[in-house]
Amino acid sequence: MQIKHVGVVGCGLMGSGIAQVCAQAGYPVTVREISQDLLDKGLQSIHKFLSTGVERKKLTEEQKNQILGRIKGTTRLEDLGNCDLIIEAVVEDIHIKKEVFGALDKICPPETILASNTSSLTIIEMAAATGRPDRVVGLHFFNPAPLMKLVEVVRTIATNDEVFQTAFEFVKSLGKEPVAAKDNSGFIVNFLLIPYLLGAIRALENGLASKEDIDKAMKLGCGYPMGPFELLDFVGLDTTYKVANILFEEYRDRLYAPPPLLKKMVLAGYLGRKSGKGFYDYTK
Ligand code: CAA
């Protein structure tokens, strides 16, 4: 099956990045947000990213305009009816995701492949909300989507082999590196990353070292681009808390149990870069 037209549901941080990546690879993309205001914000962030790219001489002004010309924004889910592949990137809430999958199933022709960018929920739960569980996969991009090379391609126990292969090849056509993963909560990366991030918070709670030294140790000792606290602030403490809870619910393993400090920081509104304060202060 050939993917000619891509749909993206959600134009937040991940949805906008995914729409941009697809348009950069030459696909016409229709991206849907629930309100015009949120859609404008998402499209604006794509515009800003591409303009920075032009300043950094990564692309020309003409290429930027061509990429933007391939992206059509909408607030109507029905406008995704002509897409061959639709990637869902709405909030990490299974009830909302199931609603989206159920609605897409009614709107799209039977051959359309439906994908979720979930980072922690199981794909089969969304597949079960459709009448085409064999045509549902996970396509998990990483933040920032336009820069991160990896996409986890997730096959459920119901996914058709040809559909999986099409999704895998599609990821390659985006210039990304696909890896195949089973439909277990967290797939490969978050299965390993979340215990690491939570472990860093526990180490800080226990007074092992300062957050600055823990970050420095992991960057210089392991060659990671960011230390765990920089990464927590980058991903968002609320997102990490939510993902950790979903994984804990699934595995009932204390490795995934959110430490009290994480919960307290989320309750205080210290969400990381997006709120101006997390483990570090971004207001200055
Ligand atoms: N357009 C084009 N290129 C751009 C760009 C733009 N707007 N902005 C940056 N770039 C390019 C830069 O030019 C640079 O390229 P070169 O190496 O060729 O010079 C490269 O991207 C890196 O940019 P910067 O130098 O500005 O930034 P950096 O070196 O500090 O890297 C980063 C930023 C890529 C985010 C890096 O810090 C990093 O990899 N951090 C870790 C991110 C990570 O782990 N993400 C996963 C989060 S977990 C997740 O997403 C899973 C989940 O489900 C929760």
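The values are calculated or read from the model by the stated rules, or taken from the named source; none is laboratory data. No experiment lies behind these values; they were computed from the predicted model shown. Virtual Cβ from ideal backbone geometry, glycine too; neighbours counted across all protein chains shown.
Tabulated values for the structure
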read-out: Yes/no for GLY186 being within 15 Å of the ligand (Cβ to nearest atom), of a type in the set (Gly, Ala, Ser), closer than 25 Å to MET1 by Cα and under 21 Å from the mean Cα position of the chain (by Cα); value: no
read-out: Wholly enclosed helices (runs of 4 or more DSSP H) of region 1-81 bearing at least 3 residues buried (at least 16 other Cβ atoms within 10 Å of the Cβ) and in contact with a Phe, Trp or Tyr (Cβ under 7 Å, 6 or more places away or on another chain); value: 13-24
read-out: Qualifying residues in region 227-245 (those that are touching a Pro at 6+ places or on another chain (Cβ under 9 Å) and polar (S, T, N, Q)) - the one farthest from the ligand (Cβ to nearest atom); value: ASN245
read-out: Close pairs from region 97-121: first at negative phi, partner buried (at least 24 other Cβ atoms within 10 Å of the Cβ) and of a type in the set (Gly, Ala, Ser), Cβ under 7 Å, at least 6 apart; value: LYS97/SER116; ILE113/ALA167; ALA115/GLY138; ALA115/ALA167; SER116/GLY138; ASN117/ALA89; THR118/GLY138; SER120/GLY186
read-out: Selection count where residues are in a loop (DSSP other than H, G, I, E, B) and either surrounded by 17 or more Cβ atoms within 10 Å (Cβ to Cβ) or in contact with a His (Cβ under 9 Å, 6 or more places away or on another chain) (or both), scope region 161-187; value: 6
read-out: LYS263 vs. criteria assigned by TED's automatic domain parsing to the domain that holds LEU198 and without any contact (Cβ under 8 Å) to a residue 60 or more places away in the chain; value: yes
read-out: Looking only at region 146-181, and only at residues there that are more than 16 Å from ILE18 (Cβ to Cβ) and acidic (Asp, Glu), the one that is nearest to the ligand (Cβ to nearest atom); value: GLU169
read-out: Number of positions in region 268-278 that are without any contact (Cβ under 8 Å) to a residue 40 or more places away in the chain and farther than 18 Å from ARG202 by Cβ; value: 7
read-out: Single residue of PHE141, PHE168 found to be more than 17 Å from GLN24 (Cα to Cα) and of a type in the set (Phe, Trp, Tyr); value: PHE168
read-out: Qualifying residue in region 25-43 (condition: without any contact (Cβ under 8 Å) to a residue 12 or more places away in the chain, in the same structural domain as VAL90 (by TED's automatic domain parsing) and either within 16 Å of the ligand (Cβ to nearest atom) or among the β-branched types (Val, Ile, Thr) (or both)); value: no
